[in-house]
1. Just for the range 134-163: of the residues that are touching a strand residue (DSSP E or B) at 6+ places or on another chain (Cβ under 6 Å) and among the β-branched types (Val, Ile, Thr), which one is surrounded by the most Cβ atoms within 10 Å (Cβ to Cβ)?
2. Scan the range 181-202 for residues that are over 13 Å from the mean Cα position of the chain (by Cα) and surrounded by fewer than 19 Cβ atoms within 10 Å (Cβ to Cβ) and jot them down.
3. Taking the criterion of being loosely packed, with under 11 Cβ neighbours inside 10 Å, part of a loop (DSSP other than H, G, I, E, B) and not charged (D, E, K, R), would at least one residue in the range 107-130 satisfy it?
4. How many residues does the range 103-136 contain that are farther than 18 Å from residue 11 by Cβ and more than 24 Å from the chain's Cα centre (by Cα)?
5. Could you check how many residues of the range 198-207 are in contact with a strand residue (DSSP E or B) (Cβ under 6 Å, 6 or more places away or on another chain) and farther than 16 Å from residue 119 by Cα?
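Any read-out appearing in this document is the output of simple, stated calculations on the displayed coordinates, not a laboratory observation. Since this is a predicted model, take the numbers as computed values, not measurements. No Cβ is skipped: glycine too gets one built from the backbone with ideal geometry, and neighbour counts run over all protein chains shown.
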Amino acid sequence: MRIPVFDAQGKRTQNILEFDEKIFGDEVREVVLKEAILMHEARQRVGTHSTKGRGECSGSGRKLWRQKGTGRARVGAARAPHWKGGGKVFTPHPRDYSYSIPKSAKKVALNSAWLAKFLDKEVMVIEGFPLDTTPKTKPVYNTLKTMDLIGSRVLVGLNETNEVLVNSLNNIPKVSYEQIVRFNPYLLLHNHKIVLMKSAFEALVQGRGGEVKTLTREQLYK
């Protein structure tokens, strides 16, 4: 598979990166990918919902009237569920929704998410951003605008923490960032486009035993 490289101004360069996409698997494993995403979403649930049962709501537990001899239906306490102000039945209580899937399944799901993004042409590689020692949003914004990414959910992948770039990206709507080692299937599929720093892309491929070849347009189309 071949991916073009963009420069710091957001324009395509003459270089094209080539790698074997088979390092991410032969196919997109949709079932495992779905399980990984459901696991991630379950872990995000706070689980603080709470209702009161008949033993927790206010009121006396005394029997309202005697069992027999009144001509009325037999009853118990006023906190019974069928009375107004009584306790609730089968309603949610605080709980932990998180669960885990096997490590091998997590690895397969992550590779499938990467493969899906590469096959859909939603991964872009950039050499860098026009930054100095002081964070500035406008140059980074103009670069993303040139790449036609403004308005889309964009995830910028970094190989290592760059405080200047991070602070420059903070003010751009729908643009987030994360180190490449912290990517997960949910992050990959939640964002429309993935912009990888060139060093991060090389680390991604080489970390899976692949090799990145740098070609030029002249070599491919001469």
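1. Step by step, filter the range 134-163, then rank; the result is 156.
2. Within the range 181-202, 181, 198, 199 meet the criteria.
3. The answer is no; no qualifying residue exists.
4. 5
5. Let us first name the residues in the range 198-207 that are in contact with a strand residue (DSSP E or B) (Cβ under 6 Å, 6 or more places away or on another chain), namely 198, 200-201.
Now narrow it down to the ones that are farther than 16 Å from residue 119 by Cα: 198, 200.
Qualifying residue count, the range 198-207: 2.
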